[in-house]
Amino acid sequence: MLPALIVFLYLTIVLYVGIFAFRRSRGGAEDFFLANRSLGPFVFLLSLFGSNMTAFSILGSSGLSFRIGIGVFGLLASISAIVIPMSLFLIGARLWSIGKRFGHMTQVQIFRDRWEMKHIGTLIFILEALMLVPYIIIGVMGGGETLEGISSGFVPYWLGGLIVALVVMSYVFFGGMRGTAWVNTLQTLMFLVVGAITFIIISHAIGGFRQTTEQLASGPDVRLLTRAAIPKGTYFSYALIPLSSIMFPHIAIFCLTAQKMTSFRKTVIFYPICIMLTWLPAIFLGVMAAGQPRIVAALASKSPHFEDFRKEDPAAADLVREVAAGAIPIDNPEALILQQPHLKARLKILANSNSDGVMLQMLSTYAPGLLAGLLGAAIMACVMASDSQILALSTMWAEDVYHFYGGQSETARVWSARAFVVICTIVAYIIALSVHKYANIFDLAVQYAFSGYTALAPLMIAALFWKGSTKHGALAATLWVFFTLLFVTALQYHTQNLAPPSPAAPPNPIPGFPTLYREFNRIVFTQHRFLIVLPMFLGSAFLMFFVSLFTKKPSQQTISRYFNDQ
Amino acid sequence: MTESNHRPRTPPVLTALLTFIFLLVLFLRHDYWQWDTPGYLLFGFLPVGLWWQAGVTLLATLMMALMVHLAWPSHLEDQAATDHPR
């Protein structure tokens with residue numbers, strides 16, 4: 001229970017920070033939504049990084065590396081280290097400048113002003129909001145899973161998710177951007193420091209990495225030390241995914257909070273280092289866990305399919321539970337039966353279906369109570385990155401809808417945003433409860449949020465860098481993203497019978513759609529297995545360009561305001 | 001239009017060089033030549049594919065440091081300081 005108590009203590013501190021930020025508030029919309037554009041370089045770097053760190057970064061990536069190996073670092077982390085700082089450098093700094101000059105607080109405000117449009121902006125708001133909600137749900141799911149894991153099941157998933165949702169809602173409600181930024185800074189610091197210490201301690205507890213690596217290298221799991229499980233087309237398409245970062249409303253809005261543009265200098269330089277310090281241990285521990293029979297047994301025993309296994313082979317199932325609890329060492333003659341190839345493979349499949357819990361399982365198995373609690377709190381910190389998404393959504397609601405359609409009073413705008421925070425949290429919580437155990441954290445995020453935001457990036461690039469871009473180009477690209485997302489979701493639903501039995505199995509062609517294939521839990525593009533984000537992004541860029549060529553440009557006055565530096 | 005708008009921009013040669021560096025780092029991330037084998041284990045436990053990618057991440061830091069020192073868009077900050085909100 002000690003780890004759970006530490007996590008609860010941490011949640012209390014976080015709540016206090018939010019309330020303290022509320023006391024420092026000067027009132028007004030800009031103060032609540034953007035902390036009065038006053039964040040210094042240190043808070044800006046750490047809170048921006050913290051906003052990008054989600055349940056998916058830690059739980060999802062370590063779970064994925066448990067299943068497919070070290071390639072996850074190249075797949076997600078190193079490309080993020082290249083593309084995200086570059087997009088902050090090229091786009092983020094421009095957003096800051098435009099926000100400061102024209103008083104904008106959201107992306108849609110910039111688009112409306114830049115392209116002289118009204119209701120098309122509302123359409124972009126709706127699409128962005130629809131895509132942000134899954135991301136918020138991930139936060140609630142991660143919170144529930146973390147508290148459940150840390151407390152060894154004492155706090156059930158539904159209660160853990162509820163507690164996290166309430167804490168996040170409270171400090172966002174009171175503290176606004178200032179509270180969120182301070183909490184994110186605290187969270188990032190905590191994760192980096194405690195995470196590094198824990199990494200070292202777990203490495204000792206499992207007998208050093210060398211032994212585990214050699215064990216993996218000499219068995220069928222050697223593929224986890226390679227990238228053999230990742231199709232090259234999929235790996236290539238992931239290069240586009242980090243473009244979503246700057247299009248996520250919470251990141252774009254965050255770019256407007258810096259006091260000076262020089263805050264971006266340290267951020268873009270140190271961002272890759274922060275990524276490495278965070279993702280490398282998470283991914284490496286995920287791979288190492290695959291070589292730990294006790295961890296595999298523990299994950300398998302918590303799998304939703306374990307009951308089926310127990311019906312088939314009750315003796316083996318009991319043995320798995322005892323190994324998972326540490327009651328029988330894996331080298332005990334009794335437990336050797338679990339080393340038989342068919343049982344080992346079966347256990348791995350069961351464990352894979354519960355792989356997002358791998359990091360927490362490592363903690364509860366190997367880390368001492370106090371440290372497990374501290375790292376649990378640090379993981380909770382990343383999980384609670386949904387705070388900035390909730391704040392961004394409420395900012396967009398207040399500015400892009402309420403204010404745009406007539407709400408002029410600043411006080412009313414802030415209170416409408418606060419009401420939105422409450423509604424948004426309740427909706428996210430209900431959905432998190434209903435889809436739990438049915439949707440993998442990672443795939444949910446990639447399919448419904450990352451791909452969509454990546455495909456919207458051409459809008460931002462065109463708005464900032466191309467004088468010839470038009471609102472109709474933006475409309476065409478937005479509709480393309482909207483309808484492709486709908487199409488892919490519907491296709492995924494209707495092709496469940498075509499889904500191969502496991503993620504490792506080759507995809508099946510989808511009749512009637514010669515370039516589309518059905519994988520275990522997603523649709524891919526061509527036999528090279530490119531992610532669907534590739535055609536989505538290319539289509540969006542093409543429509544933005546092509547439609548803009550033939551439609552009316554904004555007035556020369558507007559173009560001059562935005563491009564007087566060229 | 002402000003005085004800062006007449007500041008000299010990043011020279012085209014430098015822009016081309018920085019673009020090349022960016023593309024090079026991007027290319028190095030796609031190390032398809034070491035895909036199916038663990039290869040050399042650095043310190044006895046770190047597979048080649050992982051330490052290569054960690055190296056790419058460090059290169060990204062160096063690349064961004066170069067961008068900031070050689071091509072910082074300071075004119076944007078000047079504009080924000082001199083222009084007024086609507």
(request) Putting +1 on Lys and Arg Cβ atoms and -1 on Asp and Glu Cβ atoms, find which of A:THR395, A:GLY207, A:LEU76 reaches farthest to the positive end of the dipole of chain A. (result) A:THR395
(message) Rounding to the nearest 10 and keeping the result within 0 to 90°, find how far the Cα-based axis of helix A:314-325 lies from the longest principal axis of chain A.
(response) 70 degrees
(request) Using only C-alpha atoms and all pairs of different ones, pull out the Kirkwood radius for chain A in Å with one decimal. (result) 24.2 Å
(request) Treat the count of other C-beta atoms within 10 Å as a stand-in for reagent exposure and order A:ILE138, A:ILE431 from fewest to most. (result) A:ILE431, A:ILE138
(request) Calculate how steeply helix A:263-290 sits against the longest principal axis of the alpha-carbon atoms of chain A, using the helix alpha-carbon long axis, and give the answer as 0 to 90 degrees to the nearest 10. (result) 20 degrees
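Rounded to the nearest 500, what is the 222 nm mean residue ellipticity of the protein assembly as shown from helices alone, with -39500 (n - 2.57) per DSSP H run of 4+ residues and division by all residues?
Calculated at 222 nm, the ellipticity per residue is -21500 deg cm²/dmol.
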(request) Considering only DSSP beta bridges where both residues belong to the protein assembly as shown, give the percentage that are antiparallel (nearest 5). (result) 90 percent
(message) Explain nothing, just compute: Karplus ³J(HN,Hα) = 6.51 cos²θ - 1.76 cosθ + 1.60, θ = phi - 60°, for every residue of the stretch A:97-113 in order, whole Hz, x for Gly and Pro.
(response) 4, 5, x, 5, 6, 10, x, 6, 10, 9, 4, 5, 4, 5, 4, 4, 6
(message) Taking the beta-carbon count within 10 Å as an exposure proxy, list A:LYS311, A:LYS553, A:LYS100 from fewest neighbours to most.
(response) A:LYS311, A:LYS553, A:LYS100
(request) Give the angle, between 0 and 90 degrees and rounded to the nearest 10, that separates the Cα long axis of helix A:369-383 from the longest principal axis of the Cα atoms of chain A. (result) 40 degrees
(message) Can you compute the charge dipole magnitude of the protein assembly as shown about its Cα centre, using +1 on each Lys and Arg Cβ and -1 on each Asp and Glu Cβ, nothing else charged? Give it in debye, rounded to the nearest 20.
(response) 1380 debye
(request) Per residue of the stretch A:8-25, in order, report the coupling 6.51 cos²θ - 1.76 cosθ + 1.60 (Karplus, θ = phi - 60°) as ³J(HN,Hα) in whole Hz, putting x for Gly and Pro. (result) 5, 4, 4, 4, 5, 4, 4, 4, 5, 4, x, 6, 4, 5, 4, 5, 7, 5
(request) May I ask you to sort A:GLU307, A:GLU214, A:GLU128 by Cβ crowding, counting other Cβ atoms within 10 Å and putting the fewest first? (result) A:GLU307, A:GLU214, A:GLU128
(message) How would the stretch A:5-89 be classified by its alpha-carbon gyration tensor: rounded, prolate or oblate, with rounded meaning a/c under 1.5 and the a/b versus b/c comparison settling the rest?
(response) oblate
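Each reported figure results from applying straightforward, stated rules to the coordinates on display, with no laboratory input. On a predicted model such as this, the values are computed, not experimentally measured, just so you know. Note: ideal-geometry Cβ built from the backbone for every residue, glycine included; neighbour counts use all protein chains shown.
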